[in-house]
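Participant: Have a look at the structure that comes next, please.
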Amino acid sequence: MTQETVIEVSETATAQPAPAKDTTPVLSVEHLEKSFGDTMVLKDISFEVRPGEVVSIIGPSGSGKSTLLRCCTLLETFESGALRYDDLVVAENDASGKAHYSGKEMDKQARERFGLVFQNFNLFPHYSVLRNVMEAPVVVQKKDKAETEALARKLLKQMGLEGKEDAYPCELSGGQQQRVAIARALCLQPEILFFDEPTSALDPELTQEVLKVIRALAEEHMTMVIVTHEMAFARDVSDKIIFMDGGVIVEEGTPDEVINHPQHNRTKAFLSRYQSDGATD
Ligand SMILES: Nc1ncnc2c1ncn2[C@@H]1O[C@H](COP(=O)(O)OP(=O)(O)O)[C@@H](O)[C@H]1O
Ligand SMILES: [Mg+2]
């Protein structure tokens, strides 16, 4: 079986016009390098995400995908390179080539720009669903409580969770918990949403219900960066796919370029592992 016949790019994947090239990127990463001790785990990483774009990051375990997301969301610092959210410069290299962070005030402003959805939901177990969604906007962002509650209820409805507002996380399935986590991230009204393997803790059926809501967000042109092993999903929703291996971006391009016509042997080898499973949705 040739690579081309493995996964066909659907019509919908190419139906949307590409975002205009002259718009300022929502997120820009330039020459980012990150080490843990003596081990460099991210090497010269550069990419941009433009308004309305969906970028998927694929690659084997240990290739640095989570660390990259953690650097972008200020959960880790990096030693060299630049990170910008639109007009906000979070960090940029100084004259000696070391990343200089702009400081706490800039970090705070940048945190208003993005939302993050983790693999393991990370909901507060002792808070109701509604309170989980409302907590950060009200307590951290000091948003109006009534307005936040109205938004939280609307988002929960959008996530198919109407009637679950007063439930506790332990009373929900994993798929429902992850949809609460997505509502929680959206309630911060971010300009860009990051997902780190949002379905890898879920069984196939629950995976589908979570992928469905992420697909709906993509159709509404929510700007997103999604680390995923769901190849068919990545192919269908993404404007751009980045393949990482060993801490570097090996190749990036449209879903057709990266998934159907990979140029590098490492990409081909990685994707061949998904041939036998087929596209999983
Ligand atoms: N906190 C940490 N301390 C030391 N090494 C780490 C830490 N987090 C990740 N790593 C290492 O960095 C590399 C990239 O890991 P990670 O970003 O989790 O990859 P991925 O998400 O692609 O599986 C791996 O070699 C991992 O062992
Ligand atoms: Mg990871």
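The values are calculated or read from the model by the stated rules, or taken from the named source; none is laboratory data. From a predicted model like this one, the values you see are computed outputs, not experimental measurements. Here the Cβ positions follow ideal geometry from the backbone for every residue, glycine too, while neighbour counts run over all protein chains shown. When the accessible area is computed, the model is the full protein with side chains, heavy atoms only, and any ligands, DNA or RNA have been set aside. Shrake-Rupley method; radii C 1.70, N 1.55, O 1.52, S 1.80 Å.
Participant: Provide the FRET efficiency to the nearest 0.05 for the Asp87-Ala146 pair, computing r from the beta carbons and using R0 = 35 Å.
Facilitator: FRET efficiency, Asp87 to Ala146: 0.70.
Participant: Arrange the residues Phe121, Phe36 by how much accessible surface each exposes, largest first, with a 1.4 angstrom probe.
Facilitator: Phe36, Phe121
Participant: Could I ask something else about it? Let me make sure I get this right: for the stretch 148-281, a, b and c are the square roots of the gyration tensor eigenvalues over alpha carbons, sorted descending. Under 1.5 in a/c it's rounded, otherwise prolate if a/b > b/c, else oblate. Which is it?
Facilitator: Prolate.
Participant: Which of rounded, prolate or oblate describes the stretch 142-215 when judged by the alpha-carbon gyration tensor and an a/c cut-off of 1.5?
Facilitator: Judged from the Cα gyration tensor, the stretch 142-215 comes out oblate (a/c at least 1.5, b/c at or above a/b).
Participant: Lysines within cross-link reach of Lys164: Cα-Cα under 17 Å, excluding same-chain residues under 8 positions apart?
Facilitator: Lys164 reaches Lys154.
Participant: Same structure again: For the stretch 164-281, what is the charge dipole size about the Cα centre, in debye to the nearest 20, if Lys and Arg each add +1 at the Cβ and Asp and Glu each add -1 at the Cβ?
Facilitator: Computed charge dipole of the stretch 164-281: roughly 200 debye.
Participant: Still on this structure: Taking the Cα-to-Cβ direction at Gln208 and at Asp38 and moving 7 Å from each Cα, how far apart do the two end points lie in nm?
Facilitator: Between Gln208 and Asp38, the label points sit 5.0 nm apart.
Participant: A further question on this structure: Excluding residues fewer than 8 places away in the same chain, name every one of the lysines whose C-alpha is closer than 23 Å to that of Lys108.
Facilitator: Once the sequence-local lysines are set aside, what remains near Lys108 is Lys34, Lys98, Lys142, Lys143, Lys145.
Participant: List residues of the stretch 85-120, by number, whose backbone nitrogen lies under 11 Å from a label position 7 Å along Cα→C-beta of Thr77.
Facilitator: In the stretch 85-120, the label zone of Thr77 (backbone N under 11 Å from the point 7 Å along Cα→Cβ) covers 99-104.
Participant: Helix hunt in the chain: which complete DSSP H runs extend at least 15 Å axially by C-alpha with mean Kyte-Doolittle at least -0.5?
Facilitator: In the chain, the long hydrophobic H runs are 174-187, 204-219.
Participant: If you don't mind, there's one more thing I want to ask. For Val41, what charge total do you get from the other residues with a beta carbon under 13 Å from its beta carbon, if Lys and Arg give +1 and Asp and Glu give -1?
Facilitator: In short, -2.
Participant: Still on this structure: Of the residues Asn132, Asn265, Asn122, which exhibits the maximal mean-square fluctuation in a Gaussian network model of the chain defined by a 10 Å Cα contact cut-off?
Facilitator: Sorting by GNM fluctuation, first place goes to Asn265.
Participant: Select from Phe47, Pro60, Gly37 the residue farthest towards the positive end of the dipole of the stretch 27-77; place +1 on Cβ of Lys and Arg, -1 on Cβ of Asp and Glu, and compute about the Cα centre.
Facilitator: Pro60
Participant: So for the stretch 88-206, what are the equivalent ellipsoid semi-axes in whole Å, largest first, each being the square root of 5 times an eigenvalue of the Cα gyration tensor?
Facilitator: 30, 18, 11
Participant: Can you order the peptides 187-194, 244-251 by their average number of other Cβ atoms within 10 Å per residue, highest first?
Facilitator: 187-194, 244-251
Participant: Within the stretch 221-259, which residues have the backbone N less than 17 Å from the label spot 7 Å out from Asn122 along Cα→beta-carbon, could you tell me?
Facilitator: 225-228
Participant: If you don't mind, there's one more thing I want to ask. Need one word for the stretch 93-136: rounded, prolate or oblate. Basis is the Cα gyration tensor (sqrt eigenvalues a ≥ b ≥ c); a/c below 1.5 gives rounded, then a/b vs b/c decides.
Facilitator: Verdict is prolate for the stretch 93-136.
Participant: When the expected Rg is taken as 2.2 N^0.38 Å, what fraction or multiple of it is the alpha-carbon Rg of the stretch 12-162?
Facilitator: 1.21
Participant: Work out, step by step, the length gained on full extension between His100 and Gln189: first 0.36 nm times the residue separation, then minus their alpha carbon distance; give nm to one decimal.
Facilitator: Gain on extension, His100 to Gln189, equals 29.3 nm.
Participant: Could you check how much of the accessible area of the stretch 120-228 is carbon and sulfur, as a whole percent, using a 1.4 Å probe?
Facilitator: 50 percent
Participant: What whole-number value in Å² describes the accessible area per residue of the chain for a 1.4 Å probe?
Facilitator: I get 47 Å² per residue for this part.
Participant: Can you pull the Rg over Rh of the chain, Cα-only, Kirkwood?
Facilitator: When Rh is taken as the Kirkwood radius, the ratio is 0.96.
Participant: Something else now. Reachable aspartates and glutamates from Lys104, Cα under 18 Å, same-chain residues fewer than 8 places away excluded?
Facilitator: Cα-Cα hits under 18 Å: Glu76, Glu79, Asp86, Asp87, Glu92, Asp94, Glu112.
Participant: Now a separate question. Under a 1.4 angstrom probe, counting protein chains only, how are Arg113, Arg131 ranked by accessible area, largest first?
Facilitator: Largest to smallest exposure gives the sequence Arg131, Arg113.
Participant: Based on Cβ point charges of +1 for Lys and Arg and -1 for Asp and Glu, what charge dipole magnitude is obtained for the chain about its Cα centre, in debye rounded to the nearest 20?
Facilitator: Using Cβ point charges on Lys, Arg, Asp and Glu, the chain gives about 640 debye.
Participant: Using a Gaussian network model of the chain with C-alpha springs under 10 Å, which one of Thr228, Thr73, Thr39 is most mobile by mean-square fluctuation?
Facilitator: Checking each option, the largest mean-square fluctuation is seen for Thr39.
Participant: Sorting Tyr101, Tyr85 by accessible area (1.4 Å probe), largest first, what list results?
Facilitator: Putting Tyr101, Tyr85 in descending order of accessible area: Tyr101, Tyr85.
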